[in-house]
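Right, one structure below, let's go through it.
A short reminder: the numbers here are calculations on the coordinates, not readings from a lab. Only a predicted model underlies this, so the values are computations on that prediction, with no experimental measurement involved. Note that we place each Cβ from the backbone using ideal geometry, even for glycine, and neighbour counts take in every protein chain shown.
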Amino acid sequence: MNVAIQLEKHEVSGLECVAEGRASAVPESIASRLLAMGLVQPLNAQGHGVTLQLTPKGLSFIRSSDM
């Protein structure tokens, strides 16, 4: 899948944090933008509130940025 998304540096950093399992380090404003773009989705963790996980689109972006 070819993802044609342009992210700002802080948005890429937020997406990387989610990919590394550090979604709690992502500011709410960045998380909201990533959610709106369909790059992350909420993952309800019981007792821990809502966390984020990559969508297939977000994973594709991370993979393409590693090249």
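Here the Karplus curve 6.51 cos²θ - 1.76 cosθ + 1.60, taken at θ = phi - 60°, turns the phi angles of the stretch 7-21 into couplings of 10, 6, 4, 5, 6, 4, 4, x, 5, 5, 4, 4, 4, 8, x Hz, with x standing for Gly and Pro.
Were the residues from E8 through L43 laid out at 0.36 nm apart, the gain over their Cα-Cα distance would be 10.2 nm. Distances between placed amide hydrogens fall under 5 Å for L43 paired with T51, L52, Q53, all partners being 5 or more residues away or on another chain.
Give, as a single signed number, the net charge of other residues whose beta carbon lies under 14 Å from the beta carbon of Q53, with Lys and Arg counted +1 and Asp and Glu -1. Its environment carries a net charge of 0.
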